[in-house]
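Below: the structure, in structure tokens.
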Amino acid sequence: MEVVIESGAQAIAVLVADAVERLLAAKPEAVLGLATGSSPLAIYDEVTRRYADGRVSFARARAFMLDEYVGLPGDHPERYRNVIERDVASRVDFAPGAVQGPDGNAEDIPAACEAYEAAIARAGGVDLQLLGIGTDGHIGFNEPGSSLASRTRIKTLTAQTRADNARFFDGDIDAVPRHCLTQGLATIMSARHLVLVATGTGKAEAVHQLVEGAVSAMWPATVMQHHPHVTVLVDEAAASRLTLRAYYREIYANKPPWQRI
Ligand code: GLP
């Protein structure tokens, strides 16, 4: 697991956009994993700028979303499918239908989850998965207690996550859905490169657990310690509880130039 401590969200976005640009140059039909939440927004802005400058194209790429609320009307602005469309998909040149998400309004939820897993597998799996992290250590919507072997399924959001996400629903926690569909931890672990970004002191404990805690379903992101290619990009505040932060800085400062994130 590589830990990169940067000055802020923009510096992080540049590094991640570099990785996306390199991936798409080498493999134009690459499969991206897209995350919602505020953490990836600077990255989406940066890749959109590069697309406008003609540096990167998503025309042959595909993308899979991590998660979706259950039961929000199709046109609800906070439905993750609409959020991803607004934040990134509609701003670059993805082909129609190239971006997919789990169907939170399916009549048969287990069948929709199975179909989503099959679609990811058919696409050849995810090359680069973007991730944020919840204050309780969730990735996607895999809340504490999630099976480390889980696949796409329905989950019940914790009170903490609903409170955290109420800001997207005019501060009204009752408007935040109780259920969601999320790629499971094993689904996320199948991606070839996991890139997790976190900023702010609110994420410091979750980042500490992710990097330095014991692997446990109580801090679901810790499963990433079992993945061979993980990049964790954080600002100073999110890094503030990392015991070995001086070492992570030293590693990054002395990295061989050919070795990218
Ligand atoms: C939501 C999403 C996660 C995201 C997390 C953190 O619950 N399902 O994918 O990582 O929130 O969000 P933010 O980046 O806004 O702090």
- Note on the structure: Arg162 meets each of (1) within 15 Å of the ligand (Cβ to nearest atom); (2) touching a strand residue (DSSP E or B) at 6+ places or on another chain (Cβ under 8 Å); (3) of a type in the set (Lys, Arg) with one exception, condition (2)
- Message: Cβ-Cβ under 6 Å, sequence separation 6+ or interchain: first residue in segment 18-42 and under 20 Å from Asp67 (Cα atoms), partner of a type in the set (Phe, Trp, Tyr) and outside any strand (DSSP E or B). Which pairs?
- Response: Thr36/Tyr80
- Would you check if Gly8 is within 21 Å of Met224 (Cβ to Cβ), touching a strand residue (DSSP E or B) at 6+ places or on another chain (Cβ under 6 Å) and modelled with pLDDT of 95 or more? no
- Task: State whether one or more residues within segment 141-155 are within 15 Å of the ligand (Cβ to nearest atom), touching a residue at least 60 places away in the same chain (Cβ under 8 Å) and either surrounded by fewer than 20 Cβ atoms within 10 Å (Cβ to Cβ) or more than 26 Å from Met189 (Cβ to Cβ) (or both).
- Result: yes
- Item | For Asp75: the one exception among (1) of a type in the set (D, E, K, R); (2) surrounded by fewer than 18 Cβ atoms within 10 Å (Cβ to Cβ); (3) under 24 Å from Val14 (Cβ atoms); (4) away from the ligand (no atom under 16 Å from the Cβ) | (3)
- Query: Which residue pairs have Cβ atoms closer than 8 Å, lie 6 or more positions apart in sequence or on different chains, and pair a first residue in segment 222-243 that is free of Cβ contacts under 8 Å to residues at least 60 places away in the same chain with a second residue that is part of a strand (DSSP E or B) and of a type in the set (Gly, Ala, Ser)?
  - Reply: Ala238/Ala198
- Item | Hey, Ala118 more than 18 Å from the chain's Cα centre (by Cα), of a type in the set (A, V, I, L, M) and farther than 19 Å from Tyr69 by Cα or not | yes
- The condition of being in contact with a Phe, Trp or Tyr (Cβ under 9 Å, 6 or more places away or on another chain), farther than 25 Å from His227 by Cα and buried (at least 20 other Cβ atoms within 10 Å of the Cβ) holds, among Phe64, Phe58, only for Phe58
- Message: Restricting to segment 213-222, count the residues that are more than 10 Å from the ligand (Cβ to nearest atom) and assigned to a helix (DSSP H, G or I).
- Response: 2
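Matching residues to (1) loosely packed, with under 14 Cβ neighbours inside 10 Å; (2) under 20 Å from Val16 (Cα atoms):
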{"residue": "Asn165", "(1), (2)": "no, no"}
{"residue": "Arg192", "(1), (2)": "no, yes"}
{"residue": "Leu210", "(1), (2)": "no, yes"}
{"residue": "Val234", "(1), (2)": "no, yes"}
{"residue": "Arg241", "(1), (2)": "no, no"}
{"residue": "Tyr247", "(1), (2)": "yes, no"}
{"residue": "Ile251", "(1), (2)": "yes, yes"}
{"residue": "Trp258", "(1), (2)": "yes, yes"}
- Flagged in segment 101-122 as surrounded by fewer than 17 Cβ atoms within 10 Å (Cβ to Cβ) and either more than 18 Å from Arg178 (Cα to Cα) or hydroxyl-bearing (Ser, Thr, Tyr) (or both), in numbering order, are Ala111, Glu114, Ala115, Ala118, Ala119, Ala121, Arg122
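The values are calculated or read from the model by the stated rules, or taken from the named source; none is laboratory data. What you are looking at is a predicted structure, and each value in this text was computed from that prediction instead of being measured. All Cβ positions, even for glycine, are placed from backbone atoms using ideal geometry, and neighbour counts span all protein chains on display.
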